[in-house]
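The values are calculated or read from the model by the stated rules, or taken from the named source; none is laboratory data. Just so it is clear, the structure is predicted and the values come from calculations on it, not from any experiment. With ideal geometry, Cβ positions are generated from the backbone for all residues, glycine too; neighbour counts draw on all protein chains shown. The accessibility values were calculated without ligands, DNA or RNA, using every heavy atom of the protein model including side chains. Shrake-Rupley method; radii C 1.70, N 1.55, O 1.52, S 1.80 Å.
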Amino acid sequence: MYYNWREKTNTEELKVICNLIKNGELVIFPTETVYGIGANALDKDAVSKIFIAKGRPADNPLIVHIADKRDIEKYVREITPVEQKLIDTFMPGPFTLILPKKDIIPDIVSGGLDTIGIRMPSNVIARGIISFSGVPIAAPSANVSGRPSGTSIEDIRKELEGRVSAIIDGGETEIGLESTVVKVIHEIPVILRPGKITDKDIIDAVGIAKYDNKIFEKVTEEQIVESPGMKYKHYAPNTKCKMVYCEDELDQIFYINRYIRQYKGDVALLSFDEHREKIVVSDSRFISLGSKNNLEEIARNIYSALRKADSINAEVILIEGVKREGIGIAIMNRLLRAAGYDILEK
């Protein structure tokens, strides 16, 4: 069933959605980051349906979504003072904290690990569903595993319709990138997956933070990961992607144009508004990421742009990169994975 809640939440439909969740069914719903495909996190049979619907590997952990910070203690064994400060500062919001789980959370949710990611979304639709369902909701991004995440129902409805019991359309998501995932190790917050909340934000809150060294590295299938988005193919269209980033903007434009000539124009290009007149590609193959000076706009546009580029069926998708600072770290993390780490960087 499809429900349009772009303007407001329908109370009677909300009851239907909550009953579906409580009865072990799957629901697609919006959050402030991307759309999620959710099930009752306490019901291992319901959670198993997520992995089937997405084609998701069983060792790729899910995130447990809650509606009230006081509920965290129901699902985790321990919260340190540093972790509590992070919870108080960044929840609700685009923030996930890895914590030691209690047995009430089935192992299928955590990919067999003894830790679990906990998140409290700020989106009112998501919070309403979780609250009125009365159970935590395990939810990865709503997309077929490996494909770009969904930031609007238009992007994901076709590939997931028939695999879930309900789809809630809340319009385009606000942020467009998945939550920042953090684990506190020896009292230091380590960012396992970058997002809108950056190391600077965390340093402002608790005085220290660092990025995991694997956020720009290819993780092998043998390695164990505690955060989604670190392992396997992620965020990628079917078309081969190649990424270009140069510190000098003119160099970046030069190499993009060189690749366009190399592929005889059979490309789809993800680029910036300011570069349109400087790049030798047809209008139908130029896909704007937004302004080069607005990283938050670029972040919102990444996944829909990748999907649009894929529909062109070009030989290759060329992607312009951004500087690795602030939210640009999260943008580059997603784009590098989409490109399979095929990057020209100077």
> How about Lys158: which lysines have a C-alpha closer than 27 Å to its C-alpha, ignoring those fewer than 8 places off in the same chain?
Replying inline: Lys8, Lys15, Lys22, Lys44, Lys49, Lys54, Lys231, Lys233, Lys240, Lys242, Lys308
> Do you know the relative contact order of segment 1-130, to the nearest whole percent, from alpha carbon pairs under 8 angstrom that are 6+ apart?
Replying inline: 28 percent
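Quick check for you: with a 1.4 Å probe and neighbouring chains kept, what is the accessible area per residue of the chain, in Å²? Show your work: numbers first, answer last.
Numbers: 14610 Å² over 346 residues.
That works out to 42 Å² for each residue.
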>> Can you give me the distance in nm between label points at Asp103 and Arg70, each placed 7 Å from the Cα along the Cα-to-Cβ direction?
In response: 2.7 nm
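Highest mean first, how do 270-277, 61-68 rank when packing is the count of other Cβ atoms within 10 Å averaged over residues? Provide the component values of the computation, followed by the final result.
On the way: 270-277: 17.0, 61-68: 23.8.
Answer by packing, highest mean first, reads 61-68, 270-277.
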> Could you give the nm distance between label points at Tyr341 and Asn313, where each point is 7 Å from its Cα heading toward the beta carbon?
Replying inline: 3.2 nm
> If packing is taken as the mean number of other Cβ atoms within 10 Å per residue, what is the order of 278-285, 334-341, highest first?
Replying inline: 334-341, 278-285
> Considering the dipole of segment 1-153 built from charges on the beta carbon (Lys and Arg +1, Asp and Glu -1) around the Cα centre, which of Thr115, Leu42, His65 is farthest to its positive end?
Replying inline: His65
> For Tyr263 and Glu217, FRET efficiency with R0 = 22 Å and r from the beta-carbon atoms, rounded to 0.05?
Replying inline: 0.20
> Near Lys218, which aspartates and glutamates are there with a Cα under 13 Å away, not counting those fewer than 8 places off in the same chain?
Replying inline: Asp342
> Using θ = phi - 60° and the Karplus curve 6.51 cos²θ - 1.76 cosθ + 1.60, what whole-Hz ³J(HN,Hα) does each residue of segment 42-49 get, with Gly and Pro shown as x?
Replying inline: 8, 10, 5, 5, 5, 5, 4, 5
> Is segment 84-147 rounded, prolate or oblate when judged by the Cα gyration tensor, a ≥ b ≥ c being the square roots of its eigenvalues, rounded requiring a/c under 1.5 and prolate requiring a/b larger than b/c?
Replying inline: rounded
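What's the ranking of 163-169, 53-59, 136-142 by average number of surrounding C-beta atoms within 10 Å, highest first?
On the way: 163-169: 19.4, 53-59: 16.0, 136-142: 27.3.
Output ranking for 163-169, 53-59, 136-142: 136-142, 163-169, 53-59.
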> What is the percent of Cα-Cα separations in the chain that go past 25 Å?
Replying inline: 51 percent
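Using 1/(1 + (r/R0)^6) with R0 = 51 angstrom and r between the beta carbons of Ser122 and Asp283, what's the FRET efficiency to the nearest 0.05? Mind dumping the intermediate values first?
On the way: r = 37 Å, r/R0 = 0.73.
Given R0 = 51 Å and the Cβ-Cβ separation, E is 0.85.
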>> Only four residue types carry charge here, +1 at the Cβ of Lys and Arg and -1 at the Cβ of Asp and Glu. Report the dipole size of the chain about the Cα centre in Debye, rounded to the nearest 20.
In response: 520 debye
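Stick to Cα atoms and the Kirkwood definition of Rh, then tell me Rg/Rh for segment 12-140.
Numbers: Rg = 13.5 Å, Rh = 14.4 Å.
Rounded to two decimals, Rg over Rh is 0.94.
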> Averaged over all directions, how much area does the convex hull of the C-alpha atoms of segment 229-346 cover when projected, in nm²?
Replying inline: 6.5 nm²
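Tell me, what are the semi-axes, in whole angstrom and largest first, of the equivalent ellipsoid of segment 61-220 as set by the roots of 5 times the Cα gyration tensor eigenvalues?
On the way: eigenvalues 129, 70, 52 Å².
Over the Cα atoms of segment 61-220, the ellipsoid semi-axes are 25, 19, 16 Å.
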>> From Cα pairs below 8 angstrom and at least 6 apart in sequence, can you work out the relative contact order of the chain, rounded to a whole percent?
In response: 19 percent
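Taking the Cα centre as origin and putting +1 on Lys and Arg beta-carbons and -1 on Asp and Glu beta-carbons, what dipole magnitude results for segment 45-89, to the nearest 20 debye?
Around 180 debye, computed over segment 45-89.
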